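Peer 1: Quick one: the structure is below, questions incoming.
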Amino acid sequence: MKNKISALAIVVIMCLQLTNCKSDDDFNGLINRVAVTVPVIKSKSEFRNSIKITSARSTNSDGKIYVYDDLLFYIAQHSGIHIFDNQSPENPQNLAFIELEGVNDISVKNGILYADNFMDLVVFDISNVSNIQLLNVEEDMLSYYATFPDDVSYYQSDIYPSNGDEFIANYTTVNMSIVEVESNSNIYNWNSISIFEFDALANTIGNNIGVGGSYAKFQIFNNALYTIDDYMLYTFDITDHNDISLTSETWMEGWFGGELETTYILKENLFIGATNGMHIVGLEDAFNPTYISSFSHATGCDPVVVEGYTAYITVRGENSCGAIEDQINVIDITDISTPIEYSTYFLSSPYGLGIRNQVLYVCNDNGINVFDAQNPSQIVLENTYQSDLKDIIPLESHLIAVGENVIHQYNYADDFELELMSTIQF
């Protein structure tokens, strides 16, 4: 009996020393666990068979916005496309949903909607929103690579497609104990893997064309549809939406290692935001774009918008974006072949932006920042509207802003002010 009491006393003392006799959950917390990034494998045939047009629904997915006539689209990433009747921006009506698992971007011309669905280009007739029709699926026409997440510590490499119908759709994070990680030879410490090892692992007159935000990767000019991957601009002939063809692949000769991120069209020029600057492409021959020039900066995430002879770039340096100090670059493009910097404005964590009538709107962690941009050499911050927003579309009639599962619409007012009209909360 004495021995049993002594043993119990020892256990109690150890418990007090190690855990202060806290709950079982606290004890389990002593087992070190780490986040392991794991590829998610999907079947092409399954996502192609899952395309549906349904009634309106809510979403829990981050997204982009797009406007076509009186329709407002919320492109829920890797979920689908929500369509709103926005004829009265004070009271938008949720009309329909296109279930499209691999969607990231859309573009609309003359009632025909083009969307990516992973590596497929999908075409819908939306001229009658109450009766949307799937017209065409061009299989394996687009370049698709799942976006690798930031802040990866460990990566599991033995999960990969087993046949031609499978592909890596995205990545997820699972928690594993240190024991599980150390005992699995296919889990790598990401910090020890080089980029080369990772590669081994792995709107014109006569046309009714919609407009996207500053993070758009799809653009239409005449009968050409443009999209980008990390290093290439792709041009498609959409003259016949039932028979779409790839007409050119344009390597950005001035990219110097930066990845292509966003697109913006003004007149006959396509402006591409990249992680190391802005690239300008001429569209005189719409089906065969020609590289013109670049404006370079240190590595950072940066969409670009243009008005007149001035381009505006937000540059954010964090996580995978780079180490550059957060800023807005204002660029003189009077000579399209030689972009020159007008000025730089330092702004914490800038994201999407838009320009209208020499008023610049920039989203950052503080909300919407409104700048007087009449003098490109010295833009002036006039107002800030608190909200968690990431991108905007400044229409002639009003301004639309998007955040995570929320859309705000604002009226323009005097003195660089905005008046909230409506909010769509998912």
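Peer 1: What ratio of Cα Rg to 2.2 N^0.38 Å holds for region 355-426?
Peer 2: With N residues counted in region 355-426, Rg over 2.2 N^0.38 Å equals 1.05.
Peer 1: What residues of region 159-180 lie in the reach of a label at residue 101, counting those whose backbone N is under 17 Å from a point 7 Å from the Cα along Cα→Cβ?
Peer 2: Backbone N within reach: 160-172.
Peer 1: Taking 7 Å along the Cα-to-C-beta vector as the label spot, tell me the residue 60-residue 245 distance in nanometres, rounded to one decimal.
Peer 2: 4.6
Peer 1: Give me the compactness ratio for region 311-380, meaning the Cα radius of gyration over 2.2 N^0.38 Å. Could the numbers behind the result be given before it?
Peer 2: Working: Rg = 12.1 Å, N = 70, 2.2 N^0.38 = 11.1 Å.
Expressed relative to 2.2 N^0.38 Å, the Cα Rg reads 1.10.
Peer 1: Output needed for region 216-394: three equivalent-ellipsoid semi-axes, defined as square roots of 5 times the C-alpha gyration tensor eigenvalues, in descending order, whole Å.
Peer 2: Details: eigenvalues 152, 55, 51 Å².
Over the Cα atoms of region 216-394, the ellipsoid semi-axes are 28, 17, 16 Å.
Peer 1: If r is the Cβ-Cβ distance from residue 146 to residue 377 and R0 is 35 Å, what FRET efficiency results, to the nearest 0.05?
Peer 2: Between residue 146 and residue 377 the formula returns 0.25.
Peer 1: Any idea how far the Cα center of region 370-426 sits from the one of region 106-122, in Å?
Peer 2: Cα centroid of region 370-426 versus Cα centroid of region 106-122: 27 Å apart.
Taken together, the values in this text are just the output of simple stated rules run on the coordinates, not laboratory data. These numbers were taken from a predicted model, which means no experiment stands behind them. Methodologically, a virtual Cβ is constructed for each residue, glycine included, from the backbone with ideal geometry; neighbour enumeration extends over all protein chains shown.
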